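S.K.: Quick one: the structure is below, questions incoming.
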Amino acid sequence: MFKRYFSLGRKILFSSLLLGAVVALLAGSVQMMIFHHKRAQQFDIIIHDLQKYLDNYFGELLNTVDKLQPLTMSRCSDVSSELTSRAAFSLNVRAFLLVENGHAKCSSATGEMNVPMKQLVPQVDVSKALDLTILPGTPMMPQRPAFALWVRSPLLENRGVFTSINASLMPWILYSSRQNQFSGIALIANGTAISTYSPKPQPASLLKDTPIRTAKINGLPLTVNVYGNTWASENTQFSLLMGVMCGLLSGLLCYYVLTVRLRPGKEITSAIKRNQFYVVYQPVVGAESMQIRGVEVLMRWKHPTAGEIPPDAFINFAEAQQLIVPLTRHLFELIAKDAPALQNLLPPGAKLGINIAPAHLMAESFKQDLRDLSSMLPANYFQLVLEITERDMLNQRQAVTLFEWLHHEGYEIAIDDFGTGHSALIYLQRYSFDYLKIDRGFVNAIGTETVTSPVLDAVLTLARKMSLVTVAEGVETQEQANWLRQHGVNFLQGYWISRPLTLEKLVEAHGKPENYFTTT
Ligand code: C2E
Ligand code: CA
Ligand code: CA
């Protein structure tokens, strides 16, 4: 597992880079989409407003023209003053002309006249019911473009009203056309356009761009076009910047969070806080009676992402990170919590084997931690057995005094994994142990043609001579159990008897004392 932690740096970097890139891409595209949407919305609003404005304007004008139609039947001198006042009160109207039989008879500007329409405005077709075109100018204002609107009388086909209207009529339009992303506006009637591109009317076919929005005006052959850039380069730049910033930020954040959360050591402390550690109990039985005499407490770590992490890995790791003391204190708390249930399950004097890491053994707080544990357990019920490995006893003098203290306080000591160290036999002479736990390497070898059985034989003889109680670990077969019994081993522990079990499973499997391991 901890190899994993060492390559973690690279993993974290890679994940952060990946996340950064993904976020950059996402943020950039989202920003672009927002820009695009906003622009589309703006164009929609502008074209809608323009259309509404022109619809209203021409609607009102057509209304006025309708009211003027009856005047075509009167003499000009009788109606010219009304005509003039109508023109004065109609916004942007240059002149109204009353037309009869193709001739302009009366003008709001100049009064009575008689000029053929073909001569006056050849672009307008008076045979149509309605016609609209754009003129470069009118006789009074030859330089200023104008709309020329012809509306035939609905009752008398030979009469009608002609209107000339300022084509620079909409300063409002010109204003909107200057909004940031708009490049221009064009009004097109009868194939002629006036636009913000050219001060003079020009053929609509000469308009270069394709409009970004276009709308028709109600009841008139008039189209309004809005031109604009679909995409502004500063939007791309901004989106890019946004993407890069978000990517960088999230990458850094990811890097920070991952390094802080997975920083060695932090994991263990936070796992304690989050209750990711739990304990399992492996029964230890008397070799003859096969009845449970105690349990060994083994710690487990259920990591939310890495799954079950084996104790060999995290114990060493916790030691290296100076976290074994808090970890063992946590273990003690877990045991204390289970103690009432264990008391129901195990006979009085049952042994609780607890593995003690060397770093904790030598820690100043060790004695107090042990006292705390004892005080949390039911009084005078369990016999605590501290399982210590050979490598823990390097500081000889310290170990000897500690063992004396432990014995004095009523704790028992087991030498764990016996036979895996180098100077195992010397240790037996030097220290006062209560139990010798034979490593499962020896037990495994029983029955195979190796030289280990004679060694085990010798160890057992020695243990007997020194009146040490022996526990065989890792008993997996009946054959091993038989051999161990025959050779006088006192206690057995291993999968053949029981796997380490959670308290719940232990209660389930061995709830009734008389049922203990009476299978043989
Ligand atoms: P250990 O003290 O030698 O514990 C016995 C180990 O052998 C346990 O492994 C147990 O599950 C396993 N085992 C039991 N019976 C059999 C069997 O029949 N066959 C085989 N192949 N294995 C068997 P586990 O629980 O993985 O623990 C590994 C080591 O981690 C322990 O070895 C012990 O040194 C350490 N450890 C476990 N819990 C703690 C703890 O709470 N504190 C400390 N300091 N160390 C612990
Ligand atoms: Ca052990
Ligand atoms: Ca062991």
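S.K.: When region 337-352 is examined, which residues are found to be within 16 Å of ligand 1 (Cβ to nearest atom), out of contact with any Lys or Arg (no Cβ under 7 Å at 6 or more places or on another chain) and touching a residue at least 60 places away in the same chain (Cβ under 8 Å)? Let's see the steps before the verdict.
M.R.: At the first step, the residues of region 337-352 found to be within 16 Å of ligand 1 (Cβ to nearest atom) are 337-339, 342, 351-352.
With the extra rule that they be out of contact with any Lys or Arg (no Cβ under 7 Å at 6 or more places or on another chain), the set shrinks to 337-339, 342, 352.
ASP338, LEU342, listed by residue number.
S.K.: Okay, moving on. Considering every residue within region 32-40, establish whether at least one is small (Gly, Ala, Ser) and in the same structural domain as GLN143 (by TED's automatic domain parsing). Even if it seems obvious, please write down each step before you answer.
M.R.: Step one: filter region 32-40 for residues small (Gly, Ala, Ser), giving 40.
Those still in the list that are in the same structural domain as GLN143 (by TED's automatic domain parsing) too: none.
For region 32-40, residues small (Gly, Ala, Ser) and in the same structural domain as GLN143 (by TED's automatic domain parsing): absent.
S.K.: Of the numbered conditions (1) in contact (Cβ under 8 Å) with a residue 24 or more places away in the chain; (2) touching a His at 6+ places or on another chain (Cβ under 9 Å), PRO116 fails exactly one; give the number of that condition.
M.R.: All conditions pass for PRO116, except number (1).
S.K.: Here is a follow-up. Among (1) open to solvent by less than 50 Å² (accessible area, probe 1.4 Å); (2) modelled with pLDDT under 95, there is one condition PRO122 misses while meeting the rest; what is its number?
M.R.: (1)
S.K.: Go through region 351-374 and count every residue that is open to solvent by less than 20 Å² (accessible area, probe 1.4 Å), within 16 Å of ligand 2 (Cβ to nearest atom) and modelled with pLDDT of 95 or more. Even if it seems obvious, please write down each step before you answer.
M.R.: Initial filter on region 351-374 (open to solvent by less than 20 Å² (accessible area, probe 1.4 Å)): 352-354, 356-357, 360-361, 366, 369-370, 373.
Okay, now just the ones that are also within 16 Å of ligand 2 (Cβ to nearest atom), so 352-354, 356-357, 360-361.
Those left that are additionally modelled with pLDDT of 95 or more: 352-354.
Final tally of qualifying residues: 3.
S.K.: Any residue that is basic (Lys, Arg), at pLDDT 85 or above and open to solvent by 40 Å² or more (accessible area, probe 1.4 Å) - is there at least one of those in region 427-435?
M.R.: Residues of region 427-435 that are basic (Lys, Arg), as a first pass: 430.
After this cut, where a residue has to be at pLDDT 85 or above as well, the list is none.
Looking for residues that are basic (Lys, Arg), at pLDDT 85 or above and open to solvent by 40 Å² or more (accessible area, probe 1.4 Å), one finds none in region 427-435, hence no.
S.K.: Go through the residues of region 70-89 one by one and say whether even a single one is hydrophobic (A, V, I, L, M, F, W, C), surrounded by fewer than 13 Cβ atoms within 10 Å (Cβ to Cβ) and over 30 Å from GLU234 (Cα atoms).
M.R.: The initial filter retains those residues of region 70-89 that are hydrophobic (A, V, I, L, M, F, W, C), namely 71, 73, 76, 79, 83, 87-89.
Next cut, surrounded by fewer than 13 Cβ atoms within 10 Å (Cβ to Cβ) only: 88-89.
With the extra rule that they be over 30 Å from GLU234 (Cα atoms), the set shrinks to 88-89.
Yes - at least one qualifying residue is present in region 70-89.
S.K.: If I ask for residues that are out of contact with any strand residue (DSSP E or B) (no Cβ under 7 Å at 6 or more places or on another chain) and more than 16 Å from ligand 3 (Cβ to nearest atom), which ones from region 339-361 would you list?
M.R.: Here is the first cut: in region 339-361, the ones out of contact with any strand residue (DSSP E or B) (no Cβ under 7 Å at 6 or more places or on another chain) are 339-345, 347-348, 357-360.
Of everything in region 339-361, those that are out of contact with any strand residue (DSSP E or B) (no Cβ under 7 Å at 6 or more places or on another chain) and more than 16 Å from ligand 3 (Cβ to nearest atom) turn out to be ALA339, PRO340, ALA341, LEU342, GLN343, ASN344, LEU345, PRO347, PRO348, ALA359, HIS360.
Quick grid of which residues meet (1) surrounded by fewer than 16 Cβ atoms within 10 Å (Cβ to Cβ); (2) within 16 Å of ligand 2 (Cβ to nearest atom); (3) assigned by TED's automatic domain parsing to the domain that holds LYS128:
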{"site": "THR210", "(1), (2), (3)": "yes, no, no"}
{"site": "LYS273", "(1), (2), (3)": "yes, no, no"}
{"site": "TYR281", "(1), (2), (3)": "no, yes, no"}
{"site": "GLN321", "(1), (2), (3)": "no, no, no"}
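S.K.: Check PHE96, PHE58 and return the single one that is aromatic (Phe, Trp, Tyr), outside any helix (DSSP H, G or I) and over 30 Å from MET245 (Cα atoms). First the steps, then the outcome.
M.R.: Numbers: PHE58 fails: outside any helix (DSSP H, G or I).
Result: PHE96 is the single residue among PHE96, PHE58 that is aromatic (Phe, Trp, Tyr), outside any helix (DSSP H, G or I) and over 30 Å from MET245 (Cα atoms).
S.K.: Considering only region 253-299, how many residues are of a type outside the set (Gly, Ala, Ser) and within 30 Å of PHE14 (Cα to Cα)?
M.R.: Count: 22.
S.K.: Among the candidates THR64, THR84, THR72, single out the residue that is part of a helix (DSSP H, G or I) and touching a Cys at 6+ places or on another chain (Cβ under 9 Å). If you could, list the steps in order and put the result at the bottom.
M.R.: Working: THR64 fails: touching a Cys at 6+ places or on another chain (Cβ under 9 Å); THR84 fails: touching a Cys at 6+ places or on another chain (Cβ under 9 Å).
Testing whether each residue is part of a helix (DSSP H, G or I) and touching a Cys at 6+ places or on another chain (Cβ under 9 Å) leaves just THR72.
S.K.: Just for region 290-318: of the residues that are open to solvent by 30 Å² or more (accessible area, probe 1.4 Å) and within 8 Å of ligand 1 (Cβ to nearest atom), which one is farthest from the chain's Cα centre (by Cα)?
M.R.: Filtering region 290-318 down to residues open to solvent by 30 Å² or more (accessible area, probe 1.4 Å) leaves 291, 293, 298, 300, 302, 304-306, 308, 310-312, 315-316.
With within 8 Å of ligand 1 (Cβ to nearest atom) added as a condition, the list becomes 298, 300, 310-312, 315.
Working: LEU298: 37, ARG300: 31, PRO310: 31, PRO311: 33, ASP312: 34, ILE315: 33 Å.
In this case the residue turns out to be LEU298.
S.K.: Within region 450-503, count every residue that is among the hydroxyl-bearing types (Ser, Thr, Tyr) and under 29 Å from MET299 (Cα atoms).
M.R.: In the first step, residues of region 450-503 are kept if they are among the hydroxyl-bearing types (Ser, Thr, Tyr); the result is 450, 452-453, 461, 467, 470, 477, 495, 498, 502.
Now narrow it down to the ones that are under 29 Å from MET299 (Cα atoms): 470, 477, 495, 498, 502.
Of the residues in that region, 5 qualify.
S.K.: Is there any pair linking a residue in region 353-368 that is assigned to a helix (DSSP H, G or I) to one that is within 16 Å of ligand 2 (Cβ to nearest atom) and open to solvent by 40 Å² or more (accessible area, probe 1.4 Å), with Cβ under 9 Å and at least six apart or on different chains, and which?
M.R.: These pairs meet every condition: PRO358/ARG391.
S.K.: Still on this structure, I have one more. Examine region 407-424 for a residue that is more than 16 Å from ligand 1 (Cβ to nearest atom), surrounded by 12 or more Cβ atoms within 10 Å (Cβ to Cβ), modelled with pLDDT of 80 or more and part of a helix (DSSP H, G or I), and state whether such a residue exists. Steps first, please.
M.R.: Start the filter on region 407-424 by keeping residues that are more than 16 Å from ligand 1 (Cβ to nearest atom), which leaves 407-410, 422-423.
Checking which are surrounded by 12 or more Cβ atoms within 10 Å (Cβ to Cβ) leaves us with 407, 409.
Remaining after also requiring modelled with pLDDT of 80 or more: 407, 409.
Of the ones still in play, those that are also part of a helix (DSSP H, G or I) are 407.
Scanning region 407-424, I find at least one residue that is more than 16 Å from ligand 1 (Cβ to nearest atom), surrounded by 12 or more Cβ atoms within 10 Å (Cβ to Cβ), modelled with pLDDT of 80 or more and part of a helix (DSSP H, G or I), so the answer is yes.
S.K.: With region 181-276 as the region, which strands (runs of 3 or more DSSP E) entirely inside it contain at least 1 residues that are of a type in the set (Phe, Trp, Tyr) and in contact with a Phe, Trp or Tyr (Cβ under 9 Å, 6 or more places away or on another chain)? Working first, answer last.
M.R.: Working: elements: 182-189, 192-195, 198-203, 213-216, 222-228.
Here the list reads 182-189, 222-228.
S.K.: Shifting gears a bit: Suppose the filter is open to solvent by 90 Å² or more (accessible area, probe 1.4 Å) and touching a Pro at 6+ places or on another chain (Cβ under 7 Å); does LYS200 pass it?
M.R.: Values: open to solvent by 90 Å² or more (accessible area, probe 1.4 Å): yes; touching a Pro at 6+ places or on another chain (Cβ under 7 Å): yes.
Yes, satisfied.
S.K.: So, of the residues in region 375-396 that are out of contact with any helix residue (DSSP H, G or I) (no Cβ under 6 Å at 6 or more places or on another chain) and not in a strand (DSSP E or B), which turns out to be nearest to ligand 2 (Cβ to nearest atom)?
M.R.: Of all residues in region 375-396, those out of contact with any helix residue (DSSP H, G or I) (no Cβ under 6 Å at 6 or more places or on another chain) come to 375, 379-380, 382-389, 391, 394-396.
Next, from what is left, pick out any that are not in a strand (DSSP E or B): 375, 379-380, 382, 391, 394-396.
Working: SER375: 24, ALA379: 25, ASN380: 24, PHE382: 16, ARG391: 13, LEU394: 19, ASN395: 21, GLN396: 22 Å.
Ranking the candidates gives ARG391 first.
S.K.: If you check every pair at least six apart or on different chains, which have Cβ atoms under 7 Å apart with a residue in region 378-391 that is within 16 Å of ligand 3 (Cβ to nearest atom) first and a residue that is of a type in the set (Ser, Thr, Tyr) second?
M.R.: From residues that are within 16 Å of ligand 3 (Cβ to nearest atom), the pairs are VAL385/TYR435; LEU386/TYR411; GLU390/TYR427.
The values are calculated or read from the model by the stated rules, or taken from the named source; none is laboratory data. Given the structure is predicted, the values throughout are model-derived calculations rather than measurements. Ideal geometry is used to build each Cβ from the backbone, glycine not excepted, and the neighbour counts take in all protein chains shown. We work out accessible area using only protein heavy atoms, side chains counted, and drop any ligands, DNA or RNA first. Shrake-Rupley method; radii C 1.70, N 1.55, O 1.52, S 1.80 Å.
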